[in-house]
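For reference, the structure is listed below as structure tokens.
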Amino acid sequence: MPSEAISTIHGVGPDLVKKFDRLNIRTKLDLLLHLPFRYLDQTRITPFSEVEDGVHCVIQGVITEVRVTQKQVTVHVRDDANLRVLMRLFHFHHSRIQKLQKGSYIRLCGVTRLGSMGLEMAHPRYWVVYPNQPQSFEPQYIPVYRAVKGLSSTRIQRFMIKSLNEIAFLPKFDWDGLKLGDALKFVHQPVVEAGLQHVNTARRRIAFDELLAFFLLKERRRVQRTTDSIKPFKRRTQLTKKFVDCLGFSLTNAQQKVIAEIDKDLGMNRPMLRLLQGDVGSGKTVVAAHAIIKAAENDFQTAFMAPTEILAEQHYETLSHWLDPLGVSVGLLTGQLSMRARRAREAAISDGEDMVVVGTHALFQKSVHFRSLGLAIIDEQHRFGVHQRMMLRDKGNVPHQLIMTATPIPRTLALYLFADMDLSVIDELPPGRQPIQTTIHNPAQRNKVIAALRRHVEKVQQAYWVCAAITEQDEDESLIGTEEIEKELRQTAPELRVQVLHGQMDSETKRSTMEEFRSGNVDVLIATTVIEVGVDVPNASLMIVDNAEHMGLAQLHQLRGRVGRGTTKSFCMLNYQGKLSSNQRERLQALRHMRDGFELAELDLKLRGAGEVFGTKQSGAENFRIADLARDLHLLVEVEKFSKELAQTNVELASKVIETWSPAESDYAAA
């Protein structure tokens with residue numbers, strides 16, 4: 001069955017299970033949905049006279065010379081016209097090299113490059129064809145899969161072939177002339193006669209099925225919501241009035257409008273499910289605090305979930321500052337608490353001493369029991385899957401849910417992705433916020449960037465310097481890491497007090513580093529994008545981002561939003577490496593001139609795809625494995641129509657589609 005563990009495939013032992021897990025492949029269906037990202041074209045043998053520099057091809061000739069040194073093997077191959085191509089092998093087994101005999105025919109498959117001795121191939125796929133045992137040429141497209149060390153694309157292909165018989169158990173219905181199983185088989189074993197253009201048709205058919213499951217699940221939840229019943233919150237205003245009076249600032253019109261929408265939801269006898277969108281710094285936390293007080297006035301607890309410990313601690317501090325004077329106790333629950341502290345916190349939650357519990361994924365654990373959970377608030381919702389949100393929801397019977405995001409979601413997508421939610425938007429910033437001046441810098445201007453940083457710190461202001469990696473070797477040698485920046489600043493600006501922050505640090509180090517920065521004891525915080533969401537230090541008014549060309553507009557907009565939180569004019573300096581593509585240049589120029597996060601999100605969707613809008617491969621509430629909402633946007637209207645018809649006419653098939661794509665969430669389908 002497709003849902004069976006990957007270990008049930010013959011030849012997949014414990015070691016390979018771990019390697020497959022690194023590719024998020026845990027079941028046979030996961031393997032089938034691990035689509036090739038490209039294909040090797042082996043449909044014809046290219047004559048040496050037609051071989052071009054930088055082009056992938058298949059060639060065949062006679063071995064005329066083999067040279068073996070400690071560092072490499074060089075094989076001279078000539079065709080009937082005496083034209084030569086070199087094959088270079090830098091990693092080799094001597095047992096294989098012994099088969100490379102002068103006079104034997106060899107077939108090479110790879111990319112040709114123009115080297116010092118003419119055209120050559122480095123580490124191509126090759127087959128030795130003996131003259132007395134002619135090997136016929138079979139035209140084919142070879143799929144290439146994303147792989148990991150110890151689990152090559154070729155090996156994945158062998159296991160894929162073993163799993164293709166599982167397509168017989170998949171839902172069977174035609175769309176665009178194809179069934180899901182037929183489409184998967186074609187993607188993994190393309191038919192040469194049909195050509196690679198048919199691969200796109202097959203991929204689109206698979207994407208349709210995934211989107212269909214998404215819509216069916218959404219509709220099921222929407223219907224269930226109409227039947228859920230909950231005790232309405234009574235209209236009590238004593239604490240909320242005191243809260244607003246003590247804030248020290250006035251709420252914006254947009255905040256007041258959203259608070260009124262939430263109050264209306266809380267006063268109804270069905271659970272709220274509301275998505276709150278607000279640009280960076282628009283004041284969503286104040287709105288959430290207002291809802292928390294409403295819950296407390298009705299003797300209900302609130303679970304406030306954040307995606308990172310840094311953000312959870314910041315929310316805890318902010319909410320404690322606001323709510324403790326009102327007699328509403330706030331607790332913090334993260335995975336790094338000691339066992340003793342954790343048990344004490346869980347006891348405070350279960351007996352109702354903590355009316356508000358701020359936490360990370362630790363809130364999901366079975367040992368956490370609420371006395372009366374009435375409200376669940378999820379910050380940066382796109383970083384949690386539906387399954388996780390349902391687990392938090394199960395902590396109470398049917399609590400109200402307020403889901404917040406500072407990632408502007410394109411209106412085009414919001415209409416479809418969040419059709420089962422009510423939508424609120426905070427579309428104005430608090431008064432007094434200074435516009436952030438954004439500039440773009442090439443490698444030759446590096447010294448000017450550092451000089452600007454030094455002048456900035458001289459004015460008793462702080463700065464962030466964000467990197468896309470921890471070290472150069474983490475992702476890509478073209479990415480500048482935090483370690484390199486720390487070394488560079490200590491050499492070029494030794495007077496600056498610098499600290500490093502990244503996600504691989506232990507929680508206590510991250511917490512103390514962030515506290516040092518907040519306290520003003522650190523001038524420059526060199527960090528990865530771990531500070532992308534929610535970090536609030538008003539005295540930090542300069543953001544420097546390295547390798548900005550590799551980041552999406554939404555992510556860069558989030559990073560820029562870490563500054564401009566005080567009354568001082570703020571700056572954002574975007575550094576890029578090498579030559580920019582037209583797409584990269586358009587993105588950076590857009591960020592330089594545009595301030596509206598929703599406009600930037602629309603452009604990011606167009607240029608980079610939905611996965612980049614949300615900063616991960618997740619698109620809003622779901623983790624799409626195949627569908628790309630920028631590329632497949634045209635499918636949404638048809639998918640929505642098809643899903644409604646299927647839900648009404650064939651409930652059994654609709655359920656099977658959901659279970660195929662969301663087995664871990666099927667238990668929550670009616671939740």
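Nothing in this text is a laboratory measurement; each read-out follows from the coordinates by a stated rule. As the structure is a computational prediction, the values presented were derived from the model and not from experiment. Neighbour counts run over all protein chains shown; Cβ positions are idealised from the backbone, glycine included.
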query = Hey, which of these cross-link pairs are over 21 Å Cα-Cα: Lys28/Lys185; Lys231/Lys644; Lys28/Lys218; Lys19/Lys99; Lys234/Lys264?
reply = Lys231/Lys644; Lys28/Lys218; Lys19/Lys99
request  = Return the percentage of antiparallel bridges among DSSP beta bridges fully within the chain, rounded to the nearest 5 %.
outcome  = 40
key: Sorted largest first, extent of the range 44-138 alpha carbons per principal axis (Å)   = 34, 32, 22
query = Roughly how compact is the range 8-66, stated as its Cα Rg over 2.2 N^0.38 Å to two decimals?
reply = 1.83
remark   = Label model pair Glu317, Asp182: point-to-point distance (7 angstrom along the Cα→beta-carbon line) in nm is 6.0
ask   = Rounded to a whole number, what is D in µm²/s for the range 308-385 from Stokes-Einstein with the Kirkwood radius over alpha-carbon pairs (37 °C, 0.692 mPa s)?
value = 254
message = With +1 on the Cβ of every Lys and Arg and -1 on the Cβ of every Asp and Glu, and nothing else charged, how large is the dipole of the range 144-208 about its Cα centre, in debye rounded to the nearest 20?
response = 360
key: Long-range tail of P(r) for the chain (Cα pairs > 42 Å, %)   = 38
inquiry  = Tell me whether the range 436-594 comes out rounded, prolate or oblate; compute the Cα gyration tensor, take square roots of the eigenvalues as a ≥ b ≥ c, and use a/c under 1.5 as the rounded threshold.
reply    = rounded
remark   = Yeah, the range 155-310 with a ≥ b ≥ c from its alpha-carbon gyration tensor (a/c under 1.5 is rounded, else prolate when a/b outruns b/c, oblate otherwise) is prolate
query = How many percent of all Cα-Cα pairs in the range 238-426 sit more than 23 Å apart?
reply = 38
inquiry  = Please give me, ordered by residue number, the trypsin sites (Lys or Arg not before Pro) of the range 229-332 that lie in loop per DSSP and have at most 16 other Cβ atoms within 10 Å.
reply    = Lys234, Arg235, Arg236
ask   = Shape of the range 238-337 from its Cα gyration tensor (a ≥ b ≥ c, root eigenvalues): rounded if a/c is under 1.5, otherwise prolate when a/b > b/c, or oblate?
value = rounded
query = By how many nm would the segment from Lys606 to Arg340 lengthen if fully extended, with 0.36 nm per residue of separation less the alpha-carbon distance?
reply = 90.7 nm
message = Please report, in whole Å³, the volume per residue of the convex hull around the C-alpha atoms of the range 310-355.
response = 65
query = Going toward the positive end of the dipole of the chain, with +1 on Lys and Arg Cβ and -1 on Asp and Glu Cβ, which of Pro47, Val398, Phe169 do you reach last?
reply = Pro47
